[in-house]
1. Among the listed pairs Lys66/Lys175; Lys9/Lys149; Lys9/Lys66, give every one whose C-alpha distance is greater than 21 Å.
2. Hey, what do the phi angles of segment 51-63 turn into as Karplus ³J(HN,Hα) couplings, whole Hz, using 6.51/-1.76/1.60 and θ = phi - 60°, x for Gly and Pro?
3. Probe 1.4 Å, all protein chains in place: accessible area of Glu140 in Å², nearest 10?
4. Can you show me the helix-derived [θ] at 222 nm for the chain, built from DSSP H runs with n ≥ 4 at -39,500 (n - 2.57) apiece and divided by the number of residues, rounded to the nearest 500.
5. Roughly how big is the chain's charge dipole about its Cα centre, with Cβ charges of +1 (Lys, Arg) and -1 (Asp, Glu), in debye to the nearest 20?
6. Rounded to a whole number, what % of the accessible area of the chain do carbon and sulfur atoms account for, probe 1.4 Å?
7. In Å², what does the accessible area per residue of the chain work out to with a 1.4 Å probe?
8. Using only the Cα atoms of the chain, each taken as one equal point scatterer with no solvent, compute I(q) by the Debye sum, divide by I(0), and report log10 of the ratio at q = 0.15 Å⁻¹.
Amino acid sequence: MRLAAMRYKNYTWPHNPRVYTITYERQIAVQKVPQGRYVLQNLGLSRRVMRGEGEFVGEGAYDEFKKLATLFYQESPGLLVHPVWQMAQAWFVGLSLEQEPRADYVRYTFEFWEDYGLYDTGTAEESAPAGESGSTAQGETPVYHTVVKGETLWAIARQYGADLAEVVALNPSIKNPNLIYVGQKVRVK
């Protein structure tokens, strides 16, 4: 099975990183109580940290790393799409060059932190069937597509002349663009 390429903002990896891990974090406070005991208090989920490592190999490998480094310097979060894991709005918080770079080989590591605050918590428009929601900011009525068996989000976006990233942005409830369901309503415009 060939997986789609990993993407962040407008950058697409030429081949997927070799290692990719996700760490889910929760904050817990410890409260001391009399007689030497303690109680734990759940302060809630903290963040999801996505780390990985990979190589760029072949002619222009260092140039490919420089593209990734340029993306790191952008001071805003973006959409991180991994071919298997749940996509996320994320900040690019770490990038390391792991050895002296060569023109034909670069080994690197990266780290992203999910920015949960950027997700829409749900609107009436998001779950409304086609034709039942309000107008968009541009004065256009939103267009919805009902998923049928065998469809992919990418194919649906293409069918309506939209970019996959635009369709993903219009549907914040879809956390994994590789996983949609028959009967699901997807906003396409």
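The values are calculated or read from the model by the stated rules, or taken from the named source; none is laboratory data. Being a predicted model, the structure only gives us computed values, none of them experimental. Note: ideal-geometry Cβ built from the backbone for every residue, glycine included; neighbour counts use all protein chains shown. Please note that ligands, DNA and RNA were not included when accessible areas were found on the heavy atoms of the full protein model with its side chains. Shrake-Rupley method; radii C 1.70, N 1.55, O 1.52, S 1.80 Å.
1. On the way: Lys66/Lys175 29 Å; Lys9/Lys149 29 Å; Lys9/Lys66 15 Å.
Exceeds cut-off: Lys66/Lys175; Lys9/Lys149.
2. 10, x, 8, x, 9, 10, 10, x, 4, x, 4, 5, 4
3. 110
4. -4000 deg cm²/dmol
5. It works out to roughly 620 debye.
6. Numbers: 6100 of 11790 Å².
On the chain, the fraction of accessible area on carbon and sulfur atoms equals 52 percent.
7. The answer is 62 Å² per residue.
8. -0.98
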